[in-house]
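Asks: Before I ask anything, let me first share the structure, which is written out below as structure tokens.
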There are 2 protein chains.
Amino acid sequence: MVTIKDVAKHAKVSITTVSRVLNKTEHSVSPETKERVLNSIRELGFYPNAMARGLHLNRTKTIGLIIQDISNPYYPSIVRGVEDSAQELGYTVILANAYRSRDRTTKYLNVFREKRVDGIIFTGGGVVKDAVEENFFEHTHIATVVIGKSCNVKIPTVQVNNVQAAWEACEHLLKLGHKRIVTITGPEESTTAIDRLEGYNQALIHHGITPKDEWVIQGNFEFESGYKAIERLSEVGGEKITAIFAQNDMMAIGAMKALEEKGLKVPEDIAVIGFDNIPLSSFVTPTLSTVTVPIYELGRTSMKILSDILAGHEVSRITTLPTKLTLRGSD
Amino acid sequence: MVTIKDVAKHAKVSITTVSRVLNKTEHSVSPETKERVLNSIRELGFYPNAMARGLHLNRTKTIGLIIQDISNPYYPSIVRGVEDSAQELGYTVILANAYRSRDRTTKYLNVFREKRVDGIIFTGGGVVKDAVEENFFEHTHIATVVIGKSCNVKIPTVQVNNVQAAWEACEHLLKLGHKRIVTITGPEESTTAIDRLEGYNQALIHHGITPKDEWVIQGNFEFESGYKAIERLSEVGGEKITAIFAQNDMMAIGAMKALEEKGLKVPEDIAVIGFDNIPLSSFVTPTLSTVTVPIYELGRTSMKILSDILAGHEVSRITTLPTKLTLRGSD
DNA sequence: CTGAAAGCGCTTACAG
DNA sequence: CTGAAAGCGCTTACAG
């Protein structure tokens with residue numbers, strides 16, 4: 001590998017000078033010298049060693065991104081948002097799939113420390129997050145931003161208002177005249193799921209309907225659990241369910257598939273509303289009505305905030321991005 | 001940050017000794033000393049600086065992964081495969097979305113050089129790849145593995161046999177009695193698309209059918225282009241098309257949606273076969289018959305091969321993974 | 001405007 | 001078994 005020394009020798013200057021033109025410092029270098037150095041850099045194909053530089057500057061221009069599972073269609077948009085923004089801001093991102101495993105999360109967090117990432121963006125944690133937060137974020141000084149809901153008061157968070165958005169989605173169903181609305185939930189530990197359930201409950205109560213226990217079907221945010229929820233649905237004591245509020249799109253799509261196989265028409269026999277607005281939701285038939293979460297923007301914004309922190313700027317503890325009810329063909 | 005010096009002082013040994021217990025070198029350290037050092041490391045919360053280490057060892061245990069767009073459902077599986085394998089092998093992965101842009105690819109490749117990644121996995125390049133390959137891979141010594149089809153004879157490649165797989169898919173349609181089969185292609189530059197088209201042509205010819213120009217509809221691997229292909233389909237001179245071979249699942253799903261809106265039943269009125277077997281393909285109605293490409297394994301295998309190269313092992317130039325025709329409800 | 005030298009935090013011959 | 005010292009490739013006061 002060609003080093004700064006080689007360049008210096010080739011341009012007949014000191015490495016100090018080479019470093020100066022490299023860093024475009026305000027310390028001036030004569031135009032001729034600069035030209036010569038630039039030429040040498042080009043001719044030799046010199047790329048400054050980021051490790052050597054980082055060792056000195058004590059920063060890596062690298063951030064760590066912890067997501068739970070890239071296979072879940074919610075995450076690619078997050079990743080893309082983070083990455084686009086990172087690239088614009090001069091950062092590079094290390095991707096970590098934690099698979100909701102505390103072990104794997106810890107392992108990655110340690111790698112991040114050793115690699116001296118400048119910051120960490122953490123998403124989709126839930127129970128893992130709580131556990132890790134106290135052990136890690138409390139005792140470390142790596143800048144961190146959480147996408148979702150942070151349980152730690154001190155960590156900046158980028159989120160949407162899940163309670164309110166769920167409320168609006170259910171309110172819409174209620175206004176259409178639905179009185180018996182089932183909800184399919186996310187995993188128990190998920191703070192997101194808890195909030196969405198809360199919004200569902202509030203909306204029903206607000207409209208004078210007492211939510212029944214059997215209307216709440218446990219899911220886990222995956223297609224399969226939405227599909228299976230429908231099997232159990234038939235068992236819901238005697239009453240005819242007229243609408244389903246699935247707490248994410250994958251489950252809504254799973255439910256629609258099961259409904260179709262049972263010969264039930266959506267939305268004629270039963271209305272379905274999802275949550276997230278993943279790309280897939282406009283590809284299915286009927287197209288899925290859902291709550292649009294600005295997923296890409298969540299990613300972008302969190303990276304922006306992280307870079308603000310790293311630049312020493314003040315940032316707000318909580319940034320809430322707006323959601324929007326997107327009505328299509330399933331309600 | 002606590003450094004090796006702090007640990008040495010705390011354990012009352014030299015940094016040499018600390019380094020030795022850190023690296024579990026064969027150079028022996030007395031059990032008591034080792035114990036003391038380990039304790040100090042734990043007490044002080046020491047994490048060795050990977051930059052300092054890397055500077056010396058001239059390796060980063062980091063690899064760069066270039067994909068085209070994480071939003072495309074094909075890529076998350078690649079990423080997951082690469083990442084799982086990387087994590088097992090002790091590597092960390094930097095993710096780069098190139099968006100099929102040559103500029104962005106070049107930019108990332110330069111970042112990879114500066115960060116001194118140990119290796120690069122390159123996927124989905126097509127035309128970008130050609131251009132970049134000669135400029136970059138020829139003149140650099142970073143170990144590289146290409147997923148797909150490499151235009152460079154020297155770069156190890158992990159791929160599937162697209163010609164043969166497409167052949168089999170079309171052969172299946174032909175055996176079902178279809179005589180007028182349309183194909184929706186990928187982008188013109190895509191070597192993958194070129195191979196799949198080749199397989200389509202060969203299969204038809206083999207069965208005594210001369211492929212007509214108007215049976216080949218240009219697509220670009222995206223949902224929308226599959227959807228739009230169906231509009232143009234009605235214009236295909238007089239004849240009734242009975243089957244569609246979409247060169248990837250997203251387009252197949254787009255086509256099915258358009259077909260449904262036109263009131264055409266799949267597979268009764270028209271059969272559809274896709275390619276890739278992305279998760280989504282089993283979620284749509286009817287479920288999509290398709291060619292299963294071991295996407296996750298492509299990722300895993302390429303990382304394995306990369307690490308073999310880095311370990312100085314011989315690797316085969318081309319690794320071909322098997323595909324499988326997966327018949328479901330659309331044919 | 002230019003350069004010699006110290007230092008970032010490690011690893012590894014070399015010496016004992 | 002243990003340690004002093006050189007060196008990895010940069011940046012940045014400091015001096016001129």
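The values are calculated or read from the model by the stated rules, or taken from the named source; none is laboratory data. Predicted model, so just to flag it, every value in this text is computed and none were measured. Neighbour counts are summed over all protein chains in view; Cβ atoms, including those assigned to glycine, are modelled from backbone coordinates with ideal geometry.
Asks: Among the residues of the range B:18-60, which ones are within 11 Å of DNA strand C (Cβ to nearest atom) and of a type in the set (Lys, Arg)?
Replies: Correct list: B:Arg20, B:Lys24, B:Arg53, B:Arg59.
Asks: When the residues of the range B:4-17 are filtered to those that are within 11 Å of DNA strand C (Cβ to nearest atom) and part of a helix (DSSP H, G or I), which remaining residue is nearest to the other protein chains (Cβ to nearest Cβ)?
Replies: Of the range B:4-17, the ones within 11 Å of DNA strand C (Cβ to nearest atom) are B:4-8, B:14-17.
Subsequent filtering for residues that are part of a helix (DSSP H, G or I) retains B:4-8, B:15-17.
Details: B:Ile4: 13, B:Lys5: 14, B:Asp6: 15, B:Val7: 14, B:Ala8: 18, B:Ile15: 16, B:Thr16: 19, B:Thr17: 20 Å.
For the range B:4-17, the residue satisfying everything is B:Ile4.
Asks: Give the range B:18-47 a look and list any residue that's within 10 Å of B:Ile4 (Cα to Cα) and either near DNA strand D (Cβ under 9 Å from one of its atoms) or part of a loop (DSSP other than H, G, I, E, B) (or both), or say none.
Replies: Residues satisfying the conditions are B:Val18, B:Ser19, B:Phe46, B:Tyr47.
Asks: If you go through the range A:65-76 one residue at a time, do you hit one that is more than 16 Å from DNA strand D (Cβ to nearest atom), within 14 Å of another protein chain (Cβ to nearest Cβ) and in a helix (DSSP H, G or I)? Steps first, answer last, please.
Replies: Within the range A:65-76, the subset more than 16 Å from DNA strand D (Cβ to nearest atom) is A:65-76.
Next, from what is left, pick out any that are within 14 Å of another protein chain (Cβ to nearest Cβ): A:65-76.
Among the residues that remain, those that are also in a helix (DSSP H, G or I) are: A:75-76.
Yes.
Asks: Is it true that some residue in the range B:66-75 is of a type in the set (D, E, K, R) and free of Cβ contacts under 8 Å to residues at least 24 places away in the same chain? Step through it out loud before you land on a result.
Replies: Start the filter on the range B:66-75 by keeping residues that are of a type in the set (D, E, K, R), which leaves B:69.
Next cut, free of Cβ contacts under 8 Å to residues at least 24 places away in the same chain only: none.
The answer is no, given that none of the residues of the range B:66-75 is of a type in the set (D, E, K, R) and free of Cβ contacts under 8 Å to residues at least 24 places away in the same chain.
Asks: Out of the range B:20-68, which residues are within 35 Å of the chain's Cα centre (by Cα) and on the phi > 0 side of the Ramachandran plot?
Replies: First, the residues of the range B:20-68 that are within 35 Å of the chain's Cα centre (by Cα): B:23, B:47-68.
If the condition is that a residue be within 35 Å of the chain's Cα centre (by Cα) and on the phi > 0 side of the Ramachandran plot, then B:Asn58, B:Lys61 are the ones that fit.
Asks: How many residues are outside any loop (DSSP other than H, G, I, E, B), more than 14 Å from chain A (Cβ to nearest Cβ) and at pLDDT below 95 if we restrict to the range B:261-295?
Replies: 0
Asks: Just one of (1) under 22 Å from the mean Cα position of the chain (by Cα); (2) assigned to a helix (DSSP H, G or I) trips up B:Leu174, so point out which.
Replies: (1)
Asks: So A:Ser19 fits all but one of (1) small (Gly, Ala, Ser); (2) under 25 Å from B:Lys107 (Cβ atoms); (3) surrounded by fewer than 17 Cβ atoms within 10 Å (Cβ to Cβ); (4) modelled with pLDDT under 95; what number is the exception?
Replies: It fails just one condition, (3).
Asks: Another question about this same structure. Can we say A:Ala50 is within 11 Å of DNA strand D (Cβ to nearest atom) and within 10 Å of chain B (Cβ to nearest Cβ)?
Replies: Values: within 11 Å of DNA strand D (Cβ to nearest atom): yes; within 10 Å of chain B (Cβ to nearest Cβ): yes.
Considered against the rule, which asks whether it is within 11 Å of DNA strand D (Cβ to nearest atom) and within 10 Å of chain B (Cβ to nearest Cβ), A:Ala50 comes out as yes.
Asks: For residues that are under 15 Å from A:Tyr108 (Cα atoms) and among the charged types (D, E, K, R), tally how many sit in the range A:51-70.
Replies: So the first thing to find is which residues in the range A:51-70 are under 15 Å from A:Tyr108 (Cα atoms), and the list is A:62-69.
Applying the additional criterion that residues be among the charged types (D, E, K, R) yields A:69.
Number of matching residues: 1.
Asks: Can you tell me how many residues within the range A:316-331 are more than 17 Å from A:Val160 (Cα to Cα), at pLDDT 95 or above and crowded, with 16+ Cβ neighbours inside 10 Å?
Replies: Our first condition is that a residue be more than 17 Å from A:Val160 (Cα to Cα); within the range A:316-331, this holds for A:327-331.
Applying the additional criterion that residues be at pLDDT 95 or above yields A:327-328, A:330.
Subsequent filtering for residues that are crowded, with 16+ Cβ neighbours inside 10 Å retains A:328, A:330.
Total satisfying the criteria: 2.
Asks: Does the range B:240-253 contain at least one residue that is among the acidic types (Asp, Glu) and buried (at least 17 other Cβ atoms within 10 Å of the Cβ)? Walk me through how you get there before you give the answer.
Replies: Applying the first criterion (among the acidic types (Asp, Glu)) to the range B:240-253 yields B:249.
Cutting the leftovers down to buried (at least 17 other Cβ atoms within 10 Å of the Cβ) gives us B:249.
Yes.
Asks: I've got another one for you. Find the residue count for the range B:77-111, including only residues that are at pLDDT 95 or above, under 26 Å from B:Ala50 (Cα atoms), in a helix (DSSP H, G or I) and more than 9 Å from every other protein chain (Cβ to nearest Cβ).
Replies: 6
Asks: Only one of (1) within 13 Å of another protein chain (Cβ to nearest Cβ); (2) assigned to a helix (DSSP H, G or I); (3) surrounded by fewer than 22 Cβ atoms within 10 Å (Cβ to Cβ) fails for B:Glu231. Which number is that?
Replies: Going through (1) within 13 Å of another protein chain (Cβ to nearest Cβ); (2) assigned to a helix (DSSP H, G or I); (3) surrounded by fewer than 22 Cβ atoms within 10 Å (Cβ to Cβ) one by one, B:Glu231 breaks only (1).
Asks: What pairs can you find where one residue is in the range A:195-223 and without any contact (Cβ under 8 Å) to a residue 60 or more places away in the chain, the other is among the β-branched types (Val, Ile, Thr) and surrounded by fewer than 23 Cβ atoms within 10 Å (Cβ to Cβ), and their Cβ atoms are less than 6 Å apart, with a gap of 6+ or different chains?
Replies: Partner pairs satisfying both residue conditions: A:Asp195/A:Val163; A:Glu198/A:Val163; A:Gly199/A:Val163; A:Glu214/A:Val236.
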